[in-house]
1. Search the stretch 217-238 for residues being surrounded by fewer than 15 Cβ atoms within 10 Å (Cβ to Cβ) and touching a residue at least 12 places away in the same chain (Cβ under 8 Å), and hand back the single one that is nearest to the chain's Cα centre (by Cα).
2. Would you confirm whether or not the stretch 136-152 contains a residue that is within 16 Å of ligand 1 (Cβ to nearest atom), at pLDDT below 95 and assigned by TED's automatic domain parsing to the domain that holds GLU59?
3. Quick check on my filter: what residues within the stretch 129-163 are assigned to a helix (DSSP H, G or I), hydroxyl-bearing (Ser, Thr, Tyr) and surrounded by fewer than 24 Cβ atoms within 10 Å (Cβ to Cβ)?
4. Identify all residues within the stretch 248-300 that are of a type in the set (S, T, N, Q) and assigned to a loop (DSSP other than H, G, I, E, B); write none if there are none.
5. Give ASP71, ASP39, ASP18 a once-over and let me know the one that is acidic (Asp, Glu) and crowded, with 19+ Cβ neighbours inside 10 Å.
6. Hey, could you check the stretch 309-345 for residues that are basic (Lys, Arg) and part of a helix (DSSP H, G or I) and say which is surrounded by the most Cβ atoms within 10 Å (Cβ to Cβ)?
7. Checking the structure you have, find out if any residue of the stretch 37-53 is within 29 Å of ARG327 (Cβ to Cβ), in a loop (DSSP other than H, G, I, E, B), within 16 Å of ligand 2 (Cβ to nearest atom) and at pLDDT 95 or above.
Amino acid sequence: RRSPDMHLTNHISTGDDDVVIKILYCGICHSDLHSIKNDWKNAKYPMVPGHEITGEVNEVGKNVTKFKTGDRVGVGCMVNSCQSCESCNKGFENLCLGIIPTYNLVDLDGTITYGGYSSMVVVHERFVVRFPDTIPLEKGAPLLCAGITVYSPMKYHGLNIPGMHLGVLGLGGLGHVAVKFGKAFGMKVTVISSSPGKKQEALERLGADAFIVGKNDEEMKAAMSTMDGIINTVSANIPMAPLLGLLKPNGKMIMVGLPEKPMEIPPFALVATNKTLAGSLIGGMRDTQEMLDLAAKHNVTADIEVIGAEYVNTAMERLAKADVRYRFVIDIGNTLDKAAATTTE
Ligand SMILES: [Zn+2]
Ligand SMILES: [Zn+2]
């Protein structure tokens, strides 16, 4: 039901509940890089990555009520789920054991899902979100993964209350959006990063209130027991005890990054002052829509570098070196067909 090289003029059979979307932009998430390199040992080739998709509705199935042709829409990390389990019924499709990620998984009809580095995608309406008019499709695309990934744990762990002190560990695709949501919620936001060079942009461009270099013992000491919560976006194995030390008693650290190796947690760092260490995986569809509407209200978008489809390989190399502020977004609508034409000539 999903094809990477489908042309808009071709006849396709649209399922009764499906929305056919002409893709205009797609963000490049770090997990795209992991997937194409088979870092997680689950790659199914040929693979079409991409799960930060924005575009326009091209056609809808006969049961579709939420969308009509021409609507601005988005698709994030999943395109299907069982739609009947307890998680699904509560709006947490992201926690469904039958979740179908947007690419690299076998869908219910037996086909492998293909993601947003393509001209078109067909998705059940439940997994399509309405894009607010005030958010540009390119700047909003990364919200569909990076945005919901940080928004959902902030909401469910109560780290969205004005006046609270939020730590954002790691300033990349996820972290920079966490800073913006923290400020939108009226919180004090401190970035904890290993790159001193990011201090100025964190404070001046992203609006963070403070910046700590993780390896600077003095700065870390000064910030001990000051934070209500930390969103941990880092996917490297770094010592956890000093970071947990930044939390106030009853403070919470929520992991959204995925370090490769198991983490070492000294139990005392959690037990002594009632701290919580939790994990969080993207978010449900209702929360994704809520996140977008809130982003529109507070003018939260991603900082992006728009690229043409022909630049994707270079972008991947730069992403591997963290050489991007903070997300690449592919201009699918204007460049994919041209790039495809050049490669087949
Ligand atoms: Zn992602
Ligand atoms: Zn389910």
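The values are calculated or read from the model by the stated rules, or taken from the named source; none is laboratory data. Computed from a predicted model, the values in this text were never measured in an experiment. We place every Cβ from the backbone using ideal geometry, glycine too, and count neighbours over all the protein chains shown.
1. ALA236
2. No, the conditions are met nowhere in the stretch 136-152.
3. Step one: list which residues in the stretch 129-163 are assigned to a helix (DSSP H, G or I), which gives 137-144, 146-156.
Then drop every residue that is not hydroxyl-bearing (Ser, Thr, Tyr), which leaves 149, 151-152, 156.
Across the stretch 129-163, the qualifying residues are SER152, TYR156.
4. Answer for the stretch 248-300, where residues must be of a type in the set (S, T, N, Q) and assigned to a loop (DSSP other than H, G, I, E, B): THR273, ASN274, SER280, ASN299.
5. Values: ASP71 fails: crowded, with 19+ Cβ neighbours inside 10 Å; ASP39 fails: crowded, with 19+ Cβ neighbours inside 10 Å.
That would be ASP18, the only listed residue that is acidic (Asp, Glu) and crowded, with 19+ Cβ neighbours inside 10 Å.
6. Per the criteria, the residue is ARG318.
7. Within the stretch 37-53, none of the residues are within 29 Å of ARG327 (Cβ to Cβ), in a loop (DSSP other than H, G, I, E, B), within 16 Å of ligand 2 (Cβ to nearest atom) and at pLDDT 95 or above.
Rundown of residues vs (1) farther than 30 Å from VAL128 by Cα; (2) assigned by TED's automatic domain parsing to the domain that holds ILE161, yes/no style:
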residue: LEU206; (1), (2): no, yes
residue: ASP228; (1), (2): yes, yes
residue: VAL234; (1), (2): no, yes
residue: ILE238; (1), (2): yes, yes
residue: GLN289; (1), (2): no, no
